[in-house]
Every structure is written in C-alpha cells, then in structure tokens.
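Notes follow once the structure below has been shown.
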Amino acid sequence: MTESARRYGGRAAEERVAERRTRLLAAGLELMGTRGVVGATVRGVAEESGLAARYFYESFSSIEALQLAVFEQIAGEAAARSLGALAGAPDDPAARTRAVLAEMVDLFLEDPRKGRIALLESITSPVLGPRVLEESRRFAGMLAATASSGDPAGPADGLPVEVRLRAQFLIGGVAHTLSAALQGDIEVERDRLVDVLVELFVSLNPPVGSGSAQAVTGASASSSRTRGTTPVP
C-alpha cells in the first residue's frame, strides 16, 4: 500500500480508525446513559455516531464489547480522578476521604449518563454486573486505605479486616445514596451530600489505632464473649 493510500484527508488509517472508535464510544455513552443498556444496539450506536454500521465491527466484536468499553472508560475516569484528588489532598484521613467522595459525587451527578450506567444499568446487566462488582471491591479497598492512611493505589489485603468490612459495607451505601440523588428520590445539595457521606465514612471507619477504632473492636470482642462466640480477627 502506498503512502497516499494509507493517508486520507491528511490522516493515517490508524488515526481514522481511532477517531471512529471514539465516536462509537461517545454514541454508546449517550444511548446507554439515556435509554439504558437495552437501548444501545449496533444500529442505534452507528446512527448516533453518524457512521455506517460496518464501521462498528472495525472496533468492537459485539454490542456487549462496546458496553464493556463504555463502562471501562467510566471506571478509568473514576480511578484517575480519585487518585488525582488524593495527590492534592492534605495528609489527613478525613480530608483524603472527602477528596475521593467529592470526586465521585461530581463524576456521577454532573454527567447523569455516567451515573446511570455505573450505578443503575450495571447492576441489572449480565455483561456489566461482574465488572461493577470488581470495581466496587477495588473502590472499597481504595477508601479503606485512604481512611487508614494507607496506600490507596496498593492492595487492600494487608489492611485490618474490620476496616475492609466497613469500607465494603459503606461503598454499597454510597452507591445507593448516589442513585437516590441521581434519580431525584432525595433532593439534596452537592456539598451537603458530600458532608453526609464523609461523616458516615469517618465515624464508621476511623483510622486504625485511634481511640474510636479500639473502642469499636473492644465492643465487638465483648459482645462476642457475651454470646460465647469468637470475635472476628
């Protein structure tokens, strides 16, 4: 193939393929975020993108592959924004927790399409369901490490089990709370929503070694002895 054949309109073939893929992803985001996963079809995505349907399979093997790619974009943005916020946050567990949660509130509520896909559509989709569970575990680990002054980019396996359990419990509550705000079930201002989420995380997931953390652990052990059971390590 000659150089002139490889280039069209001043752009290389690879650039044109990448540009079409970007348009298809944008169309997928729009349809999945407004009509739901079931509303995103190959024909619909092609029409929304302004491309011929044949170009869809140039980048994606199936509509499910595109749905996963759209979700991965949202998950990637969430991770990047969270880590970026942590990089500029004070070295204080409450401030770091606020930085992460504020980014998530802004990401999902400022662009309701992303919120609908990540928080609502994903839990009923057999394609996205396994991925949202993975992201939930990863994000819970990030917040557990953040609240414990650990490394949010590192594995959470080394954190105390109490911290990990609380974070996993709380992250489910965060998702449901954001869903309620997204759908208008609860009308709340952005700052107040962030305040409540941070307060819950800090109160139920105190830094490891703090007095309140020791009190929670001690109360759990005392309760277990009363019932004649072994406390969770």
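The values are calculated or read from the model by the stated rules, or taken from the named source; none is laboratory data. All figures in this text were calculated on a predicted structure; none of them were measured in a lab. Note: areas computed on protein heavy atoms with side chains; ligands, DNA, RNA excluded. Shrake-Rupley method; radii C 1.70, N 1.55, O 1.52, S 1.80 Å.
Per residue, the accessible area of segment 1-121 comes to 50 Å², computed with a 1.4 Å probe over protein heavy atoms only.
Per Stokes-Einstein, at 37 °C and 0.692 mPa s, what whole-number D in µm² s⁻¹ belongs to segment 30-131, with the Kirkwood radius over Cα pairs as the hydrodynamic radius? In µm²/s, the coefficient rounds to 220. The largest accessible area among S179, S136 belongs to the first residue in S136, S179, and the rest follow in falling order (1.4 Å probe, all chains). Taking all protein chains in place and a 1.4 Å probe, what share, in percent, of the accessible surface of segment 63-174 do carbon and sulfur account for? The computed percentage sits at 59.
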